[in-house]
1. How about segment 101-165: which trypsin sites (Lys or Arg not before Pro) there are in a DSSP loop, with at most 11 other Cβ atoms within 10 Å of their Cβ?
2. Treat the count of other C-beta atoms within 10 Å as a stand-in for reagent exposure and order 50, 156, 96, 143 from fewest to most.
3. Along its principal axes, what span do the Cα atoms of segment 48-108 show, with the longest given first and each in whole Å?
4. Between beta-carbons, use under 15 Å as the cut-off and find the net charge around residue 88, counting Lys and Arg +1, Asp and Glu -1.
5. Under a cut-off of 25 Å between alpha-carbon atoms, report the lysines in cross-link reach of residue 58, not counting same-chain residues fewer than 8 places apart.
6. Provide 166, 127, 77 in ascending order of the number of other Cβ atoms located within 10 Å of each residue's Cβ, fewest first.
7. Exposure proxy check: 168, 158 ranked by fewest other beta carbons within 10 Å?
8. Just flag the GluC sites (Glu not before Pro) in segment 51-128 sitting in loop per DSSP whose Cβ has no more than 16 other Cβ atoms within 10 Å.
Amino acid sequence: MRIGVFVCHCGENIGRTVDCHAVAEACARFPGVAHSEDYKYMCSDPGQNLIKQAIREKSLDAVVVGSCSPHMHEKTFRKACSDAGINPYMVEIANLREHCSWIHDDIKAGTKKSIDLMRFAVEKVKFNVPLSPIRVPVTKRTLVIGVESPEYRQHLMLQMRVMKWFWLRKSLRLVDT
Ligand code: SF4
C-alpha cells in the first residue's frame, strides 16, 4: 500500500502548538508512507489540490490527513480522494486539532503526540478496504429508554423522522405512541 500523509496547520490553530513540518517529516519515515507534506489550510481548494496531485503523481492508494475533527472535513477529504481516483473509504483522519493542539500548550509534547496520532491513523488505514455505499431498508421504529420529560420527547420526535415510537420509562412500563 502506498499511503499519502497530509498535515494541516489550520493556520495557527494547530500550527501554534504543533510543529506540523516536523510531524510531516516524521510521518515520511513510517513504513508504507510514500508521500508526506504539511500545508496551512488542507481543506481549502489549494489544499485539496495538493492531495489530488500527490495521489496522481505518486500513485497513492490510501490517504491520512492530520487536521480537525472528522465531523468537519471527513466528507471533504473523501470527496477529494474520490475525485483523484481513490476509494473514499481509504481515507483516515487524525484529529490533531481537538485532540492535541487545542488542549496542549507545550510545542514539544504536542508535536510528539501528533506524531503518535498520525502513526495510529497510518496503521489503521492499512486495514481499510475499498467500500461502496449500500441502501438498506429500515423499519422506522425507535425504542427510547429513560426520557421522562414530555418536552424533550417532543424535541426528539421532531428531530428524528421516525414513524413509530416506544418509550421505556424508569418503571419499565412500555408506552406505545
Ligand atoms: S482541514 Fe480542518 S484543521 Fe485544516 S484548515 Fe480546514 S478546518 Fe482547519
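Values quoted throughout were computed directly from the atomic coordinates according to the rules given, and no laboratory measurement underlies them. Computed from a prediction, not measured in an experiment: that's the story for all the values here. Please note: Cβ atoms are built from the backbone with ideal geometry, for glycine as well, and neighbour counts cover all protein chains shown.
1. 135, 140, 161
2. Ranking 50, 156, 96, 143 by Cβ neighbours within 10 Å, fewest first, gives 143, 156, 50, 96.
3. Principal extents (largest minus smallest coordinate, Cα): 38, 23, 16 Å.
4. 0
5. 40, 75, 79, 124, 126
6. 127, 166, 77
7. 158, 168
8. Here no loop site has a sparse enough neighbourhood.
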